[in-house]
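Q: Structure provided below as structure tokens; questions to follow.
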Amino acid sequence: MALYEAVIGLEVHAQLRTRSKLFCSCSTAFGAAPNTNVCEVCSGMPGVLPVPNARAVEYAARMGMAVNCTVNPVSVFARKNYFYPDLPKGYQISQFETPICEHGHLDITVNGQTRRIGITRIHMEDDAGKNIHSAGDNASYVDLNRSGVPLIEIVSEPDMRSAEEAVAYLKALHAIVVYLGVCDGNMEEGSFRCDANVSIRPKGQQEFGTRAELKNLNSFRNVQRAIEYEIARQQDVLEDGDAVVQETRLYDAVKNVTVSMRGKEEAHDYRYFPDPDLMPVRIAAEDLARWRADLPELPQARRARLMEQHGLSEQDAEVLTADRALADFFEAATAVCGQPKKVSNMMQGALLRELNQRAVTVDAIAMRPEALGELVRIVEAGLISAKIANDIFGELLESGAMPEAFVKERGLVQISDTSAIETAVDEAIAENPAEVEAYKGGKTKLISFFMGQIMRKTKGKANPALVTELLQKKLG
Amino acid sequence: MSDTSTAIVSLSLADVRDRLARRELTAEQVTAACLDRIAATEPAIAALLTNRGEAVLAEARALDGAGPDPAKPLWGVPLTVKDALTTAGTRTTCGSRILGDFTPHYDAFAVARLREAGAVILGKTNMDEFAMGSSTENSAFAPTRNPWNVARVPGGSSGGSAASVAAGQCFGSLGTDTGGSIRQPASLCGCVGLKPTYGRVSRFGLVAYGSSLDQIGPLTRTVEDAALLLSVIAGHDPRDATSAALPVDDYMGALAARKDLSGVRIGVPREFRGEGIDPEVSAACQAALDKAQELGASIVDVELPHTPYSIAAYYIIAPAEASSNLARFDGVRYGRRAESPRDLADLYVRSRAEGFGDEVQRRIMLGTYVLSSGYYDAYYRKAAQVRRLIREDYEKALARCDVLCGPASPVTAWGLGELTSDPLKMYMMDVFTLSLNLAGLPGLCIPVGMGGRSGMPVGLQMLGRAFGEGDLLAAANVLSGALGVPGVAPACEGA
């Protein structure tokens, strides 16, 4: 790749988190039985008309503000005409000449280098349905539940130069849509999806090379791998003295290759024109001002603040700010115990482990951040050991119980009474003369063997610091 | 037909409405009279695509059972509706084979308003396929004939509605007007036809032809009847984003308030005179203007200088919108589907080739072409600019006068088949009507007498300011009252 440079632009589709569709009142719920969230409007019956969803307009504008776009006070819905069975009207209602947002940017940091990625535009559009091909009866079916679901398409400038940058940009966008609450960010269900335009050119050349559009990139990992593959493929093509063909290529994640889907000669002429059924979308200045004032602290700013205010490492701050609810949880827990680093460790350890096991997010659990803060506090105060804290974490997460009361009720409070511990230490020494000999002969690592014996006798409740102290004294 | 039936169907909508309200007539009697008239005239004029027949008698009896309701301004009044409007439970074809036996589960907004007002919907009227045409000869099913002379066309595309009203099958009908499709057939059939301001009547349930031009409006035998129907169907509809949120004026009050035309300035656009207008049409329109002056109106010369470009602009904008609007008729979800398609492309191509008639295919191709990459600026964008100039012409003219007048059609009804082989000449028949749709303004046509040569009805078009239907109807009511209306055409029975 030394001789070539990649040029990458992304087109990201994010499903807006509205309850109803963009132009009718049907539900946007995912996973319903086929053709149950459908009415005469989203199934393209004769004579029906679209009425825009005001919440979708608000979400699109908020997203634009979050990525430094100009939000146009007047934008225009346009029809994108093409035939396909999953497109009941024979056109998609999108925006063409005058989108709702334009001229934005987003800064990303890769390998310590910060780069500014331009955002050309954000426009609103309605989604198509889904064709289902059945091998069983050699037939095709159409499910229109998704037809009319509101999307925004976020189009970047061709400003990325590597797969890493593309993924960093995509992750940054993803974090923002989720922070704003305008999209649930679910890539598996297709709520957040991405096409990549990839070309390469000799280093130093100004003109762009011929690009391929990559589709079917439904995870961050696939985006990375597909772009890497495509860059290498185009390089091979050029090195063989051939020319890259402008085309759409489908990524095959199993084989990790991109395959030609359709060429330029099959490209559609979409015959865009302003949709006469819809008035221009006008946004009042007061609404714009209110939405701007309501913008939450965005991931990048929050990451910087967590590092500054709580002394977190960049990596810790990144993990905790990837999800707004997680960052909120962190700050609330830290407020209880004043131990940001310990809270961060417990969240990245026990909390994320338990969340992953249950495949839930932090806002779906019974445990309140105050409970996690208290747990950190009682560990630090020596009321329970870190091990006990770890052992009971799952129960606390499920029950929402407050840790101090919980450990007292269960009798899990650490034994810090020297005489009680001394009895157990004496017993352990008396029962294991061989190990005592070995320890005295220099195998000091056996201290953990004795620790284990004593913990078993005290059911894990002995204060480990006291045990170590007594053992060292008695084994002298 | 019995004499009683004939007497009933000759009443105006307002008269029959009042007699029904006073229980001098029952809904069943009135409905039965209309069904008799339909049975007598339909073989000659073919105004209806769907005749609901006996079903409407049951509806009428149910109304009689419940008794007149003062909250229902059309209680018991039989009407017909153009087949471009969806009717829940009744087949809606839009004059096309491609819709097959499509039966919608939803009423058009305007149809729902009629039903809520207590009207009885007798059936669906014939039309040029997808409202594309000026003679109703482009119906996929049969041409409708003019009740005043069944060898002649009724105009179009709402020719079925106009014929149905003129023949006395009903007391009023809803038509749609994209480039003159209410006013021109009203003119050719001697009835009153009103195209409201764009946005005054919801388009929900109107199978779209040119979405930025289409409006629903009434066809009736008197101006008062048109005002009555407009009062019922006008208003804001949250399901049509282009429907106006403005309050609906009191049209009946406006009619009652005006007794003559004093103070009314009538503008006569230079472009609506002279060349291309049949002398019998000019003469009848001039006589009407003379009458208006007698009634106190002043006549003002005005100009609409961009009128010559309106046909070109219209035949870019309307087909462009149509090419997209008609894309949903693809044989996938409803309507006609080609038998055993080889593949997806074959399904589309054959379903549409078999389902759409020649004129519809012509306009889809025109529209597809003018929106194509590389042609958009030269055609669609330019036409949109011309449209703005035309609108400005009207604004300037209507700043100097209250109403604009001119012929609705350059000729009276022509013979069936006379223009079918010459689409351009057919397009010229709309020369006086379609610029109004480009401007989005209201216009109505009133009958002003019979042509001296042809003996066929001549219509005068009266155009007004946006949402000025009240003023327009009031002026038209005075003039039409003085001129008289031809009423029900007698000749078509048994012809």
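Q: Which condition number in (1) in contact with a strand residue (DSSP E or B) (Cβ under 8 Å, 6 or more places away or on another chain); (2) crowded, with 17+ Cβ neighbours inside 10 Å; (3) of a type outside the set (S, T, N, Q) is the one that A:D107 fails?
A: Result: A:D107 passes all but (2).
Rundown of residues vs (1) surrounded by fewer than 18 Cβ atoms within 10 Å (Cβ to Cβ); (2) touching a Pro at 6+ places or on another chain (Cβ under 7 Å), yes/no style:
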position: A:A327; (1), (2): no, no
position: A:T334; (1), (2): no, yes
position: A:K341; (1), (2): yes, no
position: A:V362; (1), (2): no, no
position: A:E374; (1), (2): no, yes
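Q: When the residues of the range B:87-124 are narrowed to those that are under 17 Å from the mean Cα position of the chain (by Cα), within 14 Å of chain A (Cβ to nearest Cβ) and of a type in the set (A, V, I, L, M), which ends up surrounded by the most Cβ atoms within 10 Å (Cβ to Cβ)?
A: Checking each candidate, the answer is B:A108.
Q: Could we say that A:G64 is surrounded by 16 or more Cβ atoms within 10 Å (Cβ to Cβ), free of Cβ contacts under 8 Å to residues at least 60 places away in the same chain, among the small types (G, A, S) and assigned to a strand (DSSP E or B) here? Reasoning before the result, please.
A: Details: surrounded by 16 or more Cβ atoms within 10 Å (Cβ to Cβ): yes; free of Cβ contacts under 8 Å to residues at least 60 places away in the same chain: yes; among the small types (G, A, S): yes; assigned to a strand (DSSP E or B): no.
So A:G64 does not fit the description; no.
Q: Please state which of the following conditions B:D15 fails to meet, knowing it meets all the rest: (1) free of Cβ contacts under 8 Å to residues at least 24 places away in the same chain; (2) part of a loop (DSSP other than H, G, I, E, B); (3) under 30 Å from B:R200 (Cβ atoms).
A: Among (1) free of Cβ contacts under 8 Å to residues at least 24 places away in the same chain; (2) part of a loop (DSSP other than H, G, I, E, B); (3) under 30 Å from B:R200 (Cβ atoms), B:D15 violates only (2).
Q: Restricting the first residue to the range B:349-364 and requiring it to be within 16 Å of B:G95 (Cβ to Cβ), which pairs with a second residue that is charged (D, E, K, R) and modelled with pLDDT under 95 meet a Cβ separation below 6 Å and a spacing of at least six or different chains?
A: So the pair list comes out as B:G355/B:R336.
Q: Looking only at the range A:1-59, how many residues end up being hydroxyl-bearing (S, T, Y), farther than 18 Å from B:T86 by Cβ and more than 23 Å from the chain's Cα centre (by Cα)? Talk me through it step by step, then tell me what you get.
A: Restricting attention to the range A:1-59, the residues satisfying the condition of being hydroxyl-bearing (S, T, Y) are A:4, A:18, A:20, A:25, A:27-28, A:36, A:43, A:59.
Add one more test, that the residue is farther than 18 Å from B:T86 by Cβ, and what stays is A:4, A:18, A:20, A:25, A:27-28, A:36, A:59.
With the extra rule that they be more than 23 Å from the chain's Cα centre (by Cα), the set shrinks to A:4, A:20, A:25, A:27, A:36.
Qualifying residue count, the range A:1-59: 5.
Q: Now for a different question. Inside the range B:337-368, can you point out the residues that are among the charged types (D, E, K, R) and within 13 Å of chain A (Cβ to nearest Cβ)? Don't jump to the end; show me each part of the working.
A: Going residue by residue through the range B:337-368, those that are among the charged types (D, E, K, R) are B:337, B:339, B:342-343, B:346, B:350, B:352, B:354, B:358-359, B:362-363.
Once the filter is applied, which keeps residues that are among the charged types (D, E, K, R) and within 13 Å of chain A (Cβ to nearest Cβ), the range B:337-368 yields B:R337, B:D343, B:D346, B:R352.
Q: Then there's this: Quick one: which residue in A:T334, A:T321 is of a type in the set (S, T, Y) and either modelled with pLDDT under 90 or on the phi > 0 side of the Ramachandran plot (or both)?
A: Working: A:T334 fails: either modelled with pLDDT under 90 or on the phi > 0 side of the Ramachandran plot (or both).
Exactly one residue qualifies, and that residue is A:T321.
Q: Output the residue which, of all residues in the range A:24-72 that are over 30 Å from B:R91 (Cβ atoms) and touching a helix residue (DSSP H, G or I) at 6+ places or on another chain (Cβ under 7 Å), is nearest to the other protein chains (Cβ to nearest Cβ).
A: Going through the qualifying residues, I end up with A:E58.
Q: Only one of A:I447, A:I454 is over 30 Å from A:A371 (Cα atoms) and touching a helix residue (DSSP H, G or I) at 6+ places or on another chain (Cβ under 9 Å). Can you tell me which? Spell out how you get there, then give the answer.
A: On the way: A:I454 fails: over 30 Å from A:A371 (Cα atoms).
None of the other options fit; the residue is A:I447.
Q: Examine the range B:65-86 for a residue that is at pLDDT 95 or above, over 15 Å from B:G159 (Cα atoms) and within 11 Å of chain A (Cβ to nearest Cβ), and state whether such a residue exists.
A: Yes: the range B:65-86 contains one or more residues that are at pLDDT 95 or above, over 15 Å from B:G159 (Cα atoms) and within 11 Å of chain A (Cβ to nearest Cβ).
A quick yes/no check of all residues on (1) within 22 Å of B:L174 (Cβ to Cβ); (2) charged (D, E, K, R); (3) buried (at least 18 other Cβ atoms within 10 Å of the Cβ):
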{"residue": "B:V16", "(1), (2), (3)": "yes, no, yes"}
{"residue": "B:A33", "(1), (2), (3)": "yes, no, yes"}
{"residue": "B:A47", "(1), (2), (3)": "yes, no, yes"}
{"residue": "B:R52", "(1), (2), (3)": "yes, yes, yes"}
{"residue": "B:A55", "(1), (2), (3)": "yes, no, no"}
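Q: Still on this structure: Being surrounded by 15 or more Cβ atoms within 10 Å (Cβ to Cβ), over 30 Å from A:A359 (Cβ atoms) and either in contact with a Ser or Thr (Cβ under 7 Å, 6 or more places away or on another chain) or modelled with pLDDT of 90 or more (or both) is the filter here, so list the residues in the range A:379-420 that pass it.
A: Listed by number, the residues that qualify are A:Q414, A:I415.
Q: Restricting to the range B:20-36, name every residue that is under 24 Å from B:A227 (Cβ atoms), of a type outside the set (S, T, Y) and under 27 Å from the mean Cα position of the chain (by Cα).
A: B:L20, B:A27, B:V30, B:A33, B:C34, listed by residue number.
Q: Here's something else I'd like to know. Can you tell me which residues in the range B:369-396 are within 14 Å of another protein chain (Cβ to nearest Cβ), crowded, with 19+ Cβ neighbours inside 10 Å and not small (G, A, S)? Break it down stepwise before answering.
A: Within the range B:369-396, the first condition is being within 14 Å of another protein chain (Cβ to nearest Cβ), and the residues that meet it are B:369-385, B:387-388.
So of that shortlist, the ones also crowded, with 19+ Cβ neighbours inside 10 Å come out as B:370-371, B:379-380, B:383, B:387.
Selection gives B:V370, B:L371, B:Y379, B:Y380, B:R387.
Q: Can A:H310 be described as within 14 Å of chain B (Cβ to nearest Cβ) and either within 25 Å of A:L180 (Cα to Cα) or exposed (fewer than 15 other Cβ atoms within 10 Å of the Cβ) (or both)?
A: Details: within 14 Å of chain B (Cβ to nearest Cβ): no; either within 25 Å of A:L180 (Cα to Cα) or exposed (fewer than 15 other Cβ atoms within 10 Å of the Cβ) (or both): yes.
No; evaluated as a whole, the condition is false for this residue.
Q: Further question on the same structure: Can you name every residue in the range B:320-336 that is surrounded by fewer than 23 Cβ atoms within 10 Å (Cβ to Cβ) and more than 9 Å from every other protein chain (Cβ to nearest Cβ)?
A: Correct list: B:G331, B:R336.
A quick yes/no check of all residues on (1) exposed (fewer than 12 other Cβ atoms within 10 Å of the Cβ); (2) under 16 Å from A:I388 (Cα atoms); (3) out of contact with any strand residue (DSSP E or B) (no Cβ under 7 Å at 6 or more places or on another chain):
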site	(1), (2), (3)
A:A428	no, no, yes
A:P433	yes, no, yes
A:V436	no, no, yes
A:K440	no, no, yes
A:K443	no, no, yes
A:M451	no, yes, yes
A:E469	no, no, yes
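Q: Right, here's the next one. Could you name every one of the helices (runs of 4 or more DSSP H) located completely within the range A:351-427 that has at least 1 residues being hydroxyl-bearing (S, T, Y)? First the steps, then the outcome.
A: Working: elements: A:352-358, A:369-380, A:386-399, A:403-409.
Answer list for the range A:351-427: A:386-399.
Q: A follow-up question, please. When you scan the range A:80-192 for strands (runs of 3 or more DSSP E) that lie fully inside it, which ones turn up with 1 or more residues that are acidic (D, E) and over 24 Å from A:K21 (Cβ atoms)?
A: On the way: elements: A:91-95, A:101-110, A:113-126, A:130-134, A:139-143, A:150-156.
Passing ranges, in order: A:101-110.
Q: Consider B:T80 carefully, then state whether it is in contact with a helix residue (DSSP H, G or I) (Cβ under 6 Å, 6 or more places away or on another chain), farther than 17 Å from B:C445 by Cα and assigned to a strand (DSSP E or B). Explain how you work it out, then say what you get.
A: Values: in contact with a helix residue (DSSP H, G or I) (Cβ under 6 Å, 6 or more places away or on another chain): yes; farther than 17 Å from B:C445 by Cα: yes; assigned to a strand (DSSP E or B): yes.
Spelling it out, B:T80 is indeed in contact with a helix residue (DSSP H, G or I) (Cβ under 6 Å, 6 or more places away or on another chain), farther than 17 Å from B:C445 by Cα and assigned to a strand (DSSP E or B).
Q: Which pairs turn up if I take residues in the range B:89-107 that are at positive phi and look for partners that are part of a loop (DSSP other than H, G, I, E, B) and modelled with pLDDT under 95 with beta carbon separation below 6 Å, at least 6 apart in sequence or on another chain?
A: The qualifying pairs are B:G100/B:G335; B:G100/B:R336.
The values are calculated or read from the model by the stated rules, or taken from the named source; none is laboratory data. Just so we're clear, the structure is a prediction, and the values are computed from it rather than from any experiment. When we count neighbours, we look across all protein chains shown, and the Cβ atoms used for this are built from the backbone with ideal geometry, even at glycine.
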